[in-house]
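Shown next, in structure tokens, is the structure this report addresses.
The values are calculated or read from the model by the stated rules, or taken from the named source; none is laboratory data. These numbers come from a predicted model, not from an experiment. Neighbour counts are summed over all protein chains in view; Cβ atoms, including those assigned to glycine, are modelled from backbone coordinates with ideal geometry. For the accessible areas, the whole protein counts, side chains as well, though only heavy atoms, and no ligand, DNA or RNA atoms are used. Shrake-Rupley method; radii C 1.70, N 1.55, O 1.52, S 1.80 Å.
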Amino acid sequence: MPNSDTPPLIKRHDIPAALGLLSRLPVPVDVEQATARGAAAAWAYPVAGLVIGAVAALLASVALWLGLPAAVAAALALTTLVIITGAMHEDGLADSADGLWGGWDAAQRLGIMKDSHIGVYGVAALVLSVLLRWNAITALVAADLHWAGLITAAILSRACMTGLMAALPHARPDGLSQSVGRPSAGAAGVAALIALVAAFLFWGWWGLLLAVIAEAAVLACMGIARAKIGGQTGDILGATQQVTEIAVLLGMLVIISS
């Protein structure tokens, strides 16, 4: 018989908990429930991504309705993504770039990643991330695919965060990732299933290609993190979201042009 002490795989409180952690949206969160669940709620990260992507797509649609060009609508959508997430993923990308390529060993890399100052690797990573995402979103807006594109990219990239959390141990004994914990394989599987279904609903069979691209991106991030610091941190999770989102957006451009 199953152990009665085993927490349920899915709880309705997990969705607002995921939104409260991954966004600055004014969502009422039961802090006691969210704390007790911890990483068990990570299955809902792609659901949070759906909401975040939809808000950004809505802003792009409003901009188009006002007669603004596609490039401006894309810039507003990207700005919305940064604001409603509190730039936490961009911060993780910058810190990871500085630490992983600025240190000589795992301890030094982790020390650099914890430092609030930004270095040349971090600046370069942020500039390249913004440029790639803005150009990709502009193309999606011009093709009237910004709803499908922004929502799918947001869902897939956050499902990949859950998968990486489950696959890699914590690289340090403290920090945000450590405090949240590690999700079970079941939670990671639910997140992956949600992302796969969403990709298929929005893109048909092309959605499977986008899922493969997302998986390749997260495996690359996983391999780098394992080799350089022996595990994952909150910064690594943020960087993984950014890298995966960029890879998926670029995959969409390939689909559009095919």
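Hey, any idea what % of the chain's accessible area is carbon plus sulfur with a 1.4 Å probe?
Carbon-and-sulfur percentage of accessible area, whole number: 70.
Which of rounded, prolate, oblate describes region 27-173, given a ≥ b ≥ c as roots of the alpha-carbon gyration tensor eigenvalues and a/c under 1.5 marking rounded, otherwise prolate only if a/b is larger than b/c?
It comes out oblate by the Cα gyration axes.
Considering Cα pairs under 8 angstrom that are at least six residues apart, work out the relative contact order of region 128-258 and quote it in whole percent.
Worked out over region 128-258, it gives 37 percent.
What's the percent breakdown of Cα-Cα distances in the chain across 5 Å bins, shortest bin first?
1, 7, 14, 18, 19, 17, 13, 8, 3, 1, 0, 0, 0
Just to confirm, what accessible area per residue do you get for the chain at 1.4 Å probe, in whole Å²?
46
So how far apart, in nm, are the two label points at L253 and V29 if each is 7 Å from Cα heading toward Cβ?
For the pair L253/V29, the computed spacing is 3.4 nm.
Is the C-alpha gyration tensor of region 104-189 telling us rounded, prolate or oblate? Criteria: a/c under 1.5 is rounded; beyond that, a/b larger than b/c is prolate, otherwise oblate.
oblate
Farthest toward the dipole's positive end in region 1-72, which of L59, Y45, V72, given Cβ charges of +1 (Lys, Arg) and -1 (Asp, Glu) about the Cα centre?
Farthest towards the positive pole: V72.
Rounded to the nearest 0.05, what FRET efficiency do W65 and Q108 have when you use their Cβ-Cβ distance and R0 = 35 Å?
0.10
So if a site counts as exposed when it's one of the chymotrypsin sites (Phe, Trp or Tyr not before Pro), its DSSP state isn't H, G, I, E or B, and it has at most 10 other Cβ atoms within 10 Å, what's the longest stretch of the chain without one?
Longest site-free region, per DSSP loop and neighbour criteria: 1-103.
Can you work out D for region 140-258 in µm² s⁻¹ from Stokes-Einstein, where Rh is the Kirkwood radius over C-alpha pairs, the temperature is 10 °C and the viscosity is 1.306 mPa s?
110
For region 2-69, just say rounded, prolate or oblate: build the C-alpha gyration tensor, square-root its eigenvalues into a ≥ b ≥ c, call rounded for a/c under 1.5, and beyond that prolate if a/b exceeds b/c, oblate if not.
prolate
Test of understanding: in a Gaussian network model of the chain with alpha carbons linked when under 10 Å, which of A124, A74, A48 would top the mean-square fluctuation ranking?
A124
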